[in-house]
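Notes for the one structure printed next.
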Amino acid sequence: MSTVPDSKLQRQPQSFAENARRALVNRPLQQALSIATGKATSARHAAVAEVGAENWELLRKRAHAIKAQTINNLDFYLDKFSSNVERQGGHVFWAETADEACDYIAELAHRHGLNEIVKSKSMMTEEIGLNHALAVAGIEAIETDLGEYIVQLAGERPSHINMPAIHKTRGDVADLFAEKLGVERTEEIPQMTALARRVLRARFAEAGMGLTGVNYAIADTGTIVLVENEGNIRLTTSLPAVHVAVMGIEKVIPGLEDLDVFLKLLSRSASGQKMTSYVSLLTGVKSSRAEEGPDEFHVVIVDNGRIKILADEHLRESLYCIRCGACLNVCPVYRKIGGHAYGWVYPGPIGAVLTPQMIGLDQAAALPFASSLCGACGDVCPVKIKLPEMLLHLRHKVKEAEPPESRTHYHSKEDTSEALGSLNGFRHKSENSDGQSAWSRSRKRLSNVFEHLGFRLWAIAMTNSQRYQAAARLARLAQAVAGRRKANGPRVLPMPRWTATRDLPPLARRSFREQWLESSGEPTGDMARQDATHLKESQRAEQTP
Amino acid sequence: MSMESSSQSRERMLSRIRAALGHSSIGSAPDELEPFLTKAPAGNGYSLVDRFGEELRRAGGQVAHVKSRDEVGRYIADLQIDDIKASVAVSDGRLIRDLGLRDLLQSQGSEIVTTLAEFRGDDRDSKSQYQRVLLECAIGVTAADYALADTGTLVLVSGGEQHRLISLLPPVHVCLLSPHLIFPSLTQLLSHAKAGSYSGGTPPQALTCITGPSRTADIEQTITLGVHGPQSLHVLIYSPE
């Protein structure tokens, strides 16, 4: 593997729409995503059910409170953490940029005369493009997490926060191993896993430096906590003489007594486990040279744009993220397009929030629109990050940043109509940047006017039941007269721009209300009133504790 | 890399953080959060030992109750059924020393791997020699410092015992556990430990929590055991009669 990985250079959130379109027609990808996100979601669901909804909510609230406490006093806790690391013989390096972090690690490897290091999975090292930087400096970084190893062999990037090779089927991995490792092809997962163990054991045996991320940094004690299932992090932190841990400034929590809450939430949210196979708490360097473990311990604390996020009160909470990946697994957008379509390191809803902040809104303007705003991400987030609100906030910022003339299709200042209208926004935005004729631009502007008009009429019809029923009758009439026959199907109204990205089911010949009226004889108006009364009562009941 | 000192770069980063948060000066200790009182895990009539065993089995580990030194010996001999000469690495954990387990296994005909202490592991050569030997070893035997009932977790602590490699490199890990070392959960253990052994604020250099064998689900979310660490974990709960 002498080629220089180009992961640092791949920043393609601008081509999100194109990436997504390609992903949707990629059948193996669709199959792999469906298997993996399905299994992860149901495992998480079962684990949360076992804790009980009430207890789960208590844990989430506590985790949120601890994160709020730490992030709002980050200067204090980081100071304390770093002092404690140094007190116990560790070295702390403060890196404001990705380059500073990479340079420090490369120089450290050179100082020890090393041209290869072993590393465990770390989104932070993906973010700072460490493998690329080390390769440029003549140092090979060997990924040892099985998923990361697969992705590295394939010359790709991880497509999920904690399931890096989620986009690959066993057949893909079998082909890859046969080609790159020169072994006989097998699709047996235990055999492929055993092969990776053998190959990587040999690298561990020779390694002089091990590099890891950090799950939690304990301010009180200067301890770093590492959570895993495979054991490669333990190997990385036990065998080589030098251990380097890279962490974002947001990873610190106050004390050891805060850890249990996060372990409970993280493992259940990520994989549905009560506890991962291994959790390592590492503090400083060993007291005597006769003991096991590294001789040197370095912590690299990285800003790389996080302080800017800290300053934005609307988005500060995105630093609470513990990288469990649950929001990816439930996201209807992620589940269809996978991680690579997002174009940078962090995919899914949390990626759509972090990426524009970290690499610039103009570089990732499409991402906040890559959501149906269904709210599932916010519901599963173990630290209660308000992801849907943040996505809306970022959409607002994207629109604010656009020149006024391209904003013409939003006349209404009302939040709701803006939210509805902007569901469509990413298409307009990304197509604009492709460069297109004046004709298609004006056609689009016209259809934007229609769309806006459509939503206005919709609002008028929906706010009154008589008007709604009248409108529905009218629409059915229009469908019967002007509808087009779908292939072998019923007639539907022709709305090509609308249906290009959505389904438009045909209107039923008789509405539910009409069928109900016929079968029960009850007047629908009363039913509607009863519904409204019932709803109000249940809302009151929810508000009273 | 600049020649700037570490304290300068730390001060610069912290002052930028203060500015972002709107803090005017160096933050004093923030008010601590109210203690979080989780209900102790429901007993359901279980003892801590039963709960521990049940959770460990769920995590893919195996549990056996042993009453004597000989039973420990027999259990390990049964693991060697295919290869009676399979090499065994034995840690310097207290229970293991108390039982004289090393001598016992040797008398059973097992090849015992030299421990790090015997290598006089104060130089790099002897350390890497130790690592190489362990990489080839079939069974690692350790003793747990603590265990957690609610998750079926073993807790091994550096300092008293060289546990890190013996519990990780061989494909089979056997761990001895005294039942009185089982705590309800991590929170209880940490508060016990904070009040006791490392009240000075310095935890052991390495505290390792082990819950079941090494596992991965990186290929099609299919769980596969023994990817980097042991493929099987046997916990022998030792209660002498």
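The values are calculated or read from the model by the stated rules, or taken from the named source; none is laboratory data. Just so it is clear, the structure is predicted and the values come from calculations on it, not from any experiment. Glycine gets a Cβ as well: all are built from the backbone with ideal geometry, and neighbour counts include every protein chain shown. SASA here: full protein model, heavy atoms, side chains in, ligands and nucleic acids out. Shrake-Rupley method; radii C 1.70, N 1.55, O 1.52, S 1.80 Å.
Conditions tested, residue by residue: (1) under 27 Å from A:A196 (Cα atoms); (2) in a loop (DSSP other than H, G, I, E, B).
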site	(1), (2)
B:S126	no, no
B:Y130	yes, no
B:T142	yes, no
B:D150	no, yes
B:G160	no, yes
B:C175	yes, no
B:T208	yes, no
B:H234	yes, no
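Every residue in the range B:171-187 that is out of contact with any helix residue (DSSP H, G or I) (no Cβ under 7 Å at 6 or more places or on another chain) and touching a residue at least 12 places away in the same chain (Cβ under 8 Å), please.
Just the residues of the range B:171-187 that are out of contact with any helix residue (DSSP H, G or I) (no Cβ under 7 Å at 6 or more places or on another chain), to begin with: B:171, B:173, B:175, B:177, B:180-181.
The answer is B:P171, B:H173, B:C175, B:L177, B:L181.
Would you point out the residue of the range A:68-104, among those that are in a loop (DSSP other than H, G, I, E, B) and within 9 Å of another protein chain (Cβ to nearest Cβ), that is surrounded by the most Cβ atoms within 10 Å (Cβ to Cβ)?
A:N73
Go through (1) at the interface with chain B (Cβ under 9 Å from one of its Cβ atoms); (2) charged (D, E, K, R); (3) open to solvent by less than 10 Å² (accessible area, probe 1.4 Å) for A:E107 and report which single condition fails.
Evaluating A:E107 over (1) at the interface with chain B (Cβ under 9 Å from one of its Cβ atoms); (2) charged (D, E, K, R); (3) open to solvent by less than 10 Å² (accessible area, probe 1.4 Å) leaves (3) as the failure.
Which ones in the range A:110-133 are of a type in the set (D, E, K, R), over 15 Å from A:V300 (Cα atoms) and either open to solvent by less than 20 Å² (accessible area, probe 1.4 Å) or under 22 Å from the mean Cα position of the chain (by Cα) (or both)?
A:K121
Looking at the range A:250-259, which of the residues that are without any contact (Cβ under 8 Å) to a residue 60 or more places away in the chain and buried (at least 24 other Cβ atoms within 10 Å of the Cβ) is farthest from the other protein chains (Cβ to nearest Cβ)?
Here the residue is A:K251.
Condition (residue is charged (D, E, K, R), closer than 19 Å to A:L146 by Cα and either more than 10 Å from every other protein chain (Cβ to nearest Cβ) or crowded, with 24+ Cβ neighbours inside 10 Å (or both)) applied to the range A:206-219: is it met by at least one residue? Lay out the reasoning, then the answer.
First, the residues of the range A:206-219 that are charged (D, E, K, R): A:206.
Of the ones still in play, those that are also closer than 19 Å to A:L146 by Cα are A:206.
In the following step, the residues that additionally are either more than 10 Å from every other protein chain (Cβ to nearest Cβ) or crowded, with 24+ Cβ neighbours inside 10 Å (or both) were identified as none.
No, the range A:206-219 contains no residue that is charged (D, E, K, R), closer than 19 Å to A:L146 by Cα and either more than 10 Å from every other protein chain (Cβ to nearest Cβ) or crowded, with 24+ Cβ neighbours inside 10 Å (or both).
Among the numbered criteria (1) open to solvent by 10 Å² or more (accessible area, probe 1.4 Å); (2) modelled with pLDDT of 95 or more, which one does A:S406 miss?
A:S406 satisfies every listed condition except (2).
Any chance you could count how many residues in the range A:151-202 are within 11 Å of another protein chain (Cβ to nearest Cβ), of a type in the set (V, I, T) and free of Cβ contacts under 8 Å to residues at least 60 places away in the same chain?
So the count comes out to 4.
Among the residues that make up the range A:233-249, is at least one of them buried (at least 23 other Cβ atoms within 10 Å of the Cβ), within 7 Å of chain B (Cβ to nearest Cβ), basic (K, R) and out of contact with any helix residue (DSSP H, G or I) (no Cβ under 6 Å at 6 or more places or on another chain)?
Yes: one or more hits.
Kindly establish whether A:F262 is in contact with a Leu (Cβ under 8 Å, 6 or more places away or on another chain), more than 7 Å from every other protein chain (Cβ to nearest Cβ) and of a type in the set (F, W, Y).
no
For the range A:357-378, name all the residues that are in contact with a Pro (Cβ under 9 Å, 6 or more places away or on another chain) and surrounded by fewer than 24 Cβ atoms within 10 Å (Cβ to Cβ).
A:I359, A:L361, A:D362, A:Q363, A:S372, A:L373, A:C374, A:G375, A:A376, A:G378 - these are the residues of the range A:357-378 that are in contact with a Pro (Cβ under 9 Å, 6 or more places away or on another chain) and surrounded by fewer than 24 Cβ atoms within 10 Å (Cβ to Cβ).
Could you check how many residues of the range B:128-149 are more than 17 Å from B:V90 (Cβ to Cβ) and either open to solvent by 20 Å² or more (accessible area, probe 1.4 Å) or among the aromatic types (F, W, Y) (or both)?
Qualifying residue count for the region: 4.
Out of the residues in the range B:56-91 meeting the condition of being part of a loop (DSSP other than H, G, I, E, B) and over 25 Å from B:G226 (Cβ atoms), tell me which one is least open to solvent (accessible area, probe 1.4 Å). Full working, then the answer.
Here is the first cut: in the range B:56-91, the ones part of a loop (DSSP other than H, G, I, E, B) are B:59-61, B:67-68, B:80-86, B:91.
Still in the list and also over 25 Å from B:G226 (Cβ atoms): B:67-68.
Numbers: B:K67: 97, B:S68: 40 Å².
My answer is B:S68.
Results for (1) within 27 Å of A:I350 (Cα to Cα); (2) of a type outside the set (F, W, Y); (3) modelled with pLDDT under 95, shown as yes or no for each residue.
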position	(1), (2), (3)
A:L78	yes, yes, no
A:H91	no, yes, no
A:A101	yes, yes, no
A:L114	no, yes, no
A:E127	yes, yes, no
A:A137	no, yes, no
A:H160	yes, yes, yes
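Got a sec? Which of A:G272, A:G325, A:G284, A:G293 is within 18 Å of A:A376 (Cα to Cα) and within 11 Å of chain B (Cβ to nearest Cβ)?
Unique residue meeting the criteria: A:G272.
So which of A:I350, A:I307, A:I322 is modelled with pLDDT of 95 or more and touching a Lys or Arg at 6+ places or on another chain (Cβ under 6 Å)?
Only one candidate passes the filter, namely A:I307.
Only residues in the range A:22-34 that are more than 16 Å from A:L328 (Cα to Cα) count as the first member; pair them with residues that are surrounded by 14 or more Cβ atoms within 10 Å (Cβ to Cβ) and among the acidic types (D, E), Cβ under 9 angstrom, at least 6 apart or cross-chain, and list the lot.
These pairs meet every condition: A:P28/A:D172.
From the set of residues in the range A:134-151 that are assigned to a loop (DSSP other than H, G, I, E, B) and among the hydrophobic types (A, V, I, L, M, F, W, C), which is surrounded by the most Cβ atoms within 10 Å (Cβ to Cβ)?
Out of the qualifying residues, it is A:I139.
From A:G138, A:G129, A:G113, A:G147, which residue is within 7 Å of another protein chain (Cβ to nearest Cβ), among the small types (G, A, S) and farther than 30 Å from B:S28 by Cα?
So the residue among A:G138, A:G129, A:G113, A:G147 that is within 7 Å of another protein chain (Cβ to nearest Cβ), among the small types (G, A, S) and farther than 30 Å from B:S28 by Cα is A:G147.
Out of A:R323, A:R268, A:R289, I need the residue that is open to solvent by 10 Å² or more (accessible area, probe 1.4 Å) and part of a helix (DSSP H, G or I). Which one?
On the way: A:R323 fails: part of a helix (DSSP H, G or I); A:R289 fails: part of a helix (DSSP H, G or I).
Only one candidate passes the filter, namely A:R268.
Looking only at the range B:94-116, filter to residues that are in contact with a Lys or Arg (Cβ under 8 Å, 6 or more places away or on another chain) and at pLDDT 90 or above; which one of those is surrounded by the fewest Cβ atoms within 10 Å (Cβ to Cβ)?
If we take residues in the range B:94-116 being in contact with a Lys or Arg (Cβ under 8 Å, 6 or more places away or on another chain) and at pLDDT 90 or above, then B:G100 is surrounded by the fewest Cβ atoms within 10 Å (Cβ to Cβ).
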